[in-house]
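Structure, as C-alpha cells:
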Amino acid sequence: MSDSKNPDWSCVCAVADLPDQGLAKFEVAGLTVLAARVEDDVRVIPPFCPHMSEPLVESGLCHGLTLTCSKHLWQWNLKSGEIQGPAEKPLKFYPSEIRDGSVWIDASSELVYDFDEDEDDDFEW
Amino acid sequence: MTEVTFINKGGRLTVECKDGESLLQAGLRQGAPLPYACGAGVCATCVARAKPGTTRDLWPEAPAAGELKVDKGEVLLCQTSAAKDCEILVSSKIDLSSLSSLRPKRFKAKLIDICNETSDVATFRVQLPETVSPIAGQYFLLRSPDMQGFRAYSMTNYESSTDALDFVMKKVPGGIFSSHIFSEPSEDMNVEAFGPMGFATFSPSEARDLVCLVGGSGIAGIMSVLKQAEAVNHFKRHKLFMVFGARRIEDLFFLSELASLRATAPDNISIHIALSDQIDGHELPDIIHDLPAHQGFVHDVAQTVGGDEFMSGRLAFIGGPPQMLNSCIASLLSSGLPVSDIRYDRFA
C-alpha cells in the first residue's frame, strides 16, 4: 500500500506484526527489507549484512539495541546504525515512521551497501 | 608450477603455486597474510578477484560459490588454482609486506584407527609424515583422493608437538569422505592434509574462566582446548561451565573423557548433558555417565542450569551446527559477553 499524497512512501507492516526482539522480513514496493522494533520506534534496513551480503534475517541476532551478524560477529547499534565492536561499515536505514500502528518507509530508492570499497571494479589488469 | 602474485593498492607479493594447489594453500604455506576462515569453500571469507582465464575452479559446486560475483572476476582463494602465471587482487586491508610466521603445510598422510562412536559419529586418526605444532582449537583440511575439495576437521587431541592428529566426524549422507569412514572403513587410507589452520584457539596464558557450549561433533576443537587446559592445570585456578548436547542418549560420545576431566577439579568444573529429543514413555535419567542430564537444546540448558552468572565474564568456545551456533551466540551476547570473547569455527 502506498501513500496517496506521497507515492514514494509505502506501508511495510503493522507494528503488531513485528516480534518483540529480532528482525522480520517484508517485501514492499519491489524491495526486500527487514524491520525491527527499537524501543517505541522501528527501524527498517536492507536485508543483507554490509560486510559480505549475509542474509540478516537468518544471521542477524538482536539483543537490546544491538544487532549482531553471527557470520563474522559484526555489530551495530540498531537505533543509531552506528558501528559496535569489529564492524567496519554502519547500517543503513530506510526513512521510516509509524502511522496509526503501521510501519511506513520511503521506498523511492533501494538502499545498497558498497561492497567495492577498494574501487576494484575499476581496476585495470 | 606457476607464479601467483597477490596484489592490492598497498603492494604485491609473489608466491609459487603447485599444479592443482589452491591459491589459499599456496599463499598460506609461504606466509602470505591471506584472509580465510573455513578454507573449505563454505564461508566466502577468502573472496578475491582474478583476471578471466588465468585461474581454474577446483570445486565449482562449493557451497560459497553461489555468493560470488562472477562477472566481476570474484573467486574463492580456497577453491581456485592458477591456470598460468597470474595476478590476484585481494582486499586493500591486507598488508602484503607483512608475512606470517604461522605457515601451515601440506602433507601426504594416512588415515587410520577408525572407530564408530555412535551410529553416525566416528573418530579417526591421521598419521602425518612429520611432526606439527598446532595450537589447541585449530583444524586441518583433509581430502581423500576422490574428493574435489578439502573438508575442515578440528583436532580433538592436543600435544605441543605431534605427528598424530585425532578427529571426530558426523556422518554426512552422500558425503564422499563420510562414506569412506562409515561404509568402507579400511586401514591406512591415503589422504591429503593441510594445516594447522584456524583462529578459534586457546592459550593457557589467557587466565580466564571458560564456558563451552557444544553439540554433537562440534565438540571436536573444544576437546583439544580442554585437553590443553587440563595439561597445564588451568582448572585448578579457573572455572569451566560446559553443556554438551545431542538429540538422544545414544548419540552421545566422549562421556568418559568428560567425566574424567571433571574429576580432576570437581569444584571448578561443571559439565552438563543436554538432550533435545523427547524420550517417549521414559523419564530422562538425572545422571548420564556421572554427568547431570537435562531435556532441551544446549543454549536453553545453559541458561536454565547456569544462567548469566556461568557465562558472563568468561571466554566462550562454541561448536555445532549453524542453528545451534546462532542460538548459543545469542545466549552468550544476552549474558553480556563481548563478541571478542566468543570463539568458533563455522564449517557447515
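For the protein assembly as shown, with all protein chains in place and a probe radius of 1.4 Å, 48% of the accessible heavy-atom surface sits on carbon or sulfur. B:CYS86 contributes about 10 Å² of solvent-accessible surface, heavy atoms of the protein only, 1.4 Å probe. The three principal axes of the C-alpha atoms in region B:141-266 carry coordinate ranges of 48, 34, 23 Å, sorted with the longest axis first. Every Cα-Cα pair of the protein assembly as shown was included, and the share exceeding 29 Å stands at 55 percent.
To the nearest 10 degrees, how steep is helix B:322-334 against the longest Cα principal axis of chain B, on a 0 to 90 scale? Tilt of helix B:322-334: around 70 degrees. Using a probe of 1.4 Å on the protein chains alone, the accessible area found for A:GLU119 is around 110 Å². Listed as lacking a disulfide-compatible partner in chain B: B:CYS17, B:CYS46, B:CYS78, B:CYS86, B:CYS115, B:CYS212, B:CYS328, by the criterion of no other cysteine Cβ under 4.7 Å.
On a C-alpha basis, how far is the centre of region A:58-116 from the centre of region B:279-300 in Å? Whole number, if you could? If you average the Cα positions of each part, the centres end up 39 Å apart. Phi angles of region B:144-156 translate, via the Karplus equation with coefficients 6.51, -1.76, 1.60 and θ = phi - 60°, into HN-Hα couplings of 8, x, 9, 9, 6, x, 6, 10, 9, 9, 7, 6, 9 Hz per residue; Gly and Pro are given as x.
Between the amide H of B:LEU240 and those of B:LEU210, B:ILE269, B:SER270, distances stay under 5 Å, these residues lying 5 or more places away or on another chain, with hydrogens modeled in the peptide plane. Rg/Rh for region B:105-197 (Cα atoms only, Rh after Kirkwood) is 0.93. Taken per residue, the accessible surface of region A:8-125 reaches 47 Å², heavy atoms only and a 1.4 Å probe. Interface burial in region B:311-340 reaches 40 Å² or more for B:ASN326, B:LEU333, B:VAL339, comparing the full protein assembly with the chain by itself; accessible area from heavy atoms with a 1.4 Å probe.
For chain B, the longest principal axis of the C-alpha atoms and the axis of helix B:255-264 are separated by about 70°. The relative contact order of region B:2-89, computed from alpha carbon pairs under 8 Å that lie at least 6 residues apart in sequence, is 38 percent. With N as its number of residues, chain B has a Cα radius of gyration that, divided by 2.2 N^0.38 Å, comes to 1.03.
Here the Karplus curve 6.51 cos²θ - 1.76 cosθ + 1.60, taken at θ = phi - 60°, turns the phi angles of region B:233-249 into couplings of 6, 4, 7, 6, 10, 10, 9, 10, 10, 9, 10, 10, x, 8, 6, 9, 4 Hz, with x standing for Gly and Pro.
For the listed residue pairs A:LYS89/B:LYS69; B:LYS72/B:LYS93; B:LYS84/B:LYS110; A:LYS71/B:LYS69; A:LYS5/A:LYS92; B:LYS69/B:LYS171, the alpha carbons are over 28 angstrom apart in B:LYS84/B:LYS110; B:LYS69/B:LYS171.
Around the Cα centre of region A:1-124, unit charges on the Cβ atoms of Lys, Arg, Asp and Glu (plus for the first two, minus for the last two) sum to a dipole of about 800 debye.
For B:ARG56, nonlocal amide neighbours, meaning residues 5 or more places apart or on other chains whose placed amide H falls under 5 Å from its own, are B:SER81, B:ALA82, B:ALA83. Relative contact order of region B:121-212, please, whole-number percent, based on alpha carbon pairs below 8 angstrom and at least 6 residues apart. Relative CO of region B:121-212 lands at 38 percent. Taking 4.7 Å between C-beta atoms as the pairing limit, chain A has these partnerless cysteines: A:CYS11, A:CYS13, A:CYS62. Secondary-structure-derived ellipticity at 222 nm for the protein assembly as shown, considering helices only, amounts to -3500 deg cm²/dmol, per-run term -39500 (n - 2.57) for DSSP H runs with n ≥ 4. Per residue, chain B exposes an accessible area of 42 Å² to a 1.4 Å probe, with every protein chain left in place.
Given a cut-off of under 8 Å on Cα pairs at least six residues apart, what relative contact order in percent is computed for chain B? Relative contact order of chain B: 14 percent. Kirkwood-type hydrodynamic radius, region A:9-106: 13.3 Å, calculated from all non-identical alpha-carbon pairs.
The values are calculated or read from the model by the stated rules, or taken from the named source; none is laboratory data. All values reported here derive from a predicted model rather than from experimental measurement. Backbone-built Cβ (ideal geometry, glycine too); neighbour counts: all protein chains shown. Just the protein is used for accessible areas: all its heavy atoms, side chains included, with ligands, DNA and RNA removed. Shrake-Rupley method; radii C 1.70, N 1.55, O 1.52, S 1.80 Å.
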